[in-house]
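Everything below concerns the one structure shown next.
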Amino acid sequence: MTRVSLLYSRFQVFAVITAVYIVCHGVTAWIVTPVQALFLPELTVFASLVYLPHGVRVLSVWLFGWKAVLPLAFGAFLSELMFTDAGILQLMQPVLLESIAVGAVSALAAFGLFRLLGRPLHAGLARRMEWKWLLAAGALASVINSLGQSVVFSGLIFPGDQLPVMAVYAAGDLIGLTACMVALMLIFRWLRLAGENRLSQK
């Protein structure tokens, strides 16, 4: 592979991860957040009960390892600029970059811990997905993320709200990951059925 084609391949990966992250964040911001704000307005500023981009984090790190961190951070930064209300963005501005960094590395840290425990989960050449272990890695990443975000936002969250915010972060990340994985399973199923139909028609 030439240097130009290698750079082009890396740019494609960067662009796809960033774009998918932004789309998932947009779905969360436009659909989940307004509904959640009706019931949990004091927590919605900081965390979502269904945060689809966490699924993007976990699946991207599973596929590309540490190379996914920068596009994840860039996608998160653009998403905040595009979808976050100006007043909330101003409130979060002092710690926004720290929050983005925590989110971007949370999945990488979880996969790293699994590797240290003798269970490396990164995708191999066959790209075989182990659903249960990916969910476990995603759950650990959501815990890491919720702990990190609670530290980042500790100066902005009322002390009585810190545990509920952590719980919403962890639950939202895990539900978002589950939703992404279900969608991926349905896509794989559709692709397999489409392939079988093409073979049967030959």
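In a residue-by-residue description of the range 114-132, the property of being touching a Phe, Trp or Tyr at 6+ places or on another chain (Cβ under 7 Å) and assigned to a helix (DSSP H, G or I) applies to no position. For beta carbons closer than 8 Å, sequence separation of 6+ or different chains, a first residue in the range 116-138 that is acidic (Asp, Glu) and a second that is at pLDDT 75 or above, the qualifying pairs are 130/121.
Of the helices (runs of 4 or more DSSP H) lying entirely inside the range 1-73, the ones with 2 or more residues being modelled with pLDDT of 85 or more and hydroxyl-bearing (Ser, Thr, Tyr) are found at 3-27.
Can you tell me which residue in the range 74-101 is nearest to residue 30 (Cα to Cα), limited to those that are at pLDDT 85 or above and polar (S, T, N, Q)? This residue is 79. Among the residues that make up the range 76-83, is at least one of them crowded, with 20+ Cβ neighbours inside 10 Å, within 15 Å of the chain's Cα centre (by Cα) and either assigned to a helix (DSSP H, G or I) or of a type in the set (Gly, Ala, Ser) (or both)? There is at least one residue in the range 76-83 that is crowded, with 20+ Cβ neighbours inside 10 Å, within 15 Å of the chain's Cα centre (by Cα) and either assigned to a helix (DSSP H, G or I) or of a type in the set (Gly, Ala, Ser) (or both).
The values are calculated or read from the model by the stated rules, or taken from the named source; none is laboratory data. Computed from a prediction, not measured in an experiment: that's the story for all the values here. FYI the Cβ positions are ideal-geometry reconstructions off the backbone, even for glycines, and counts take in every protein chain you see.
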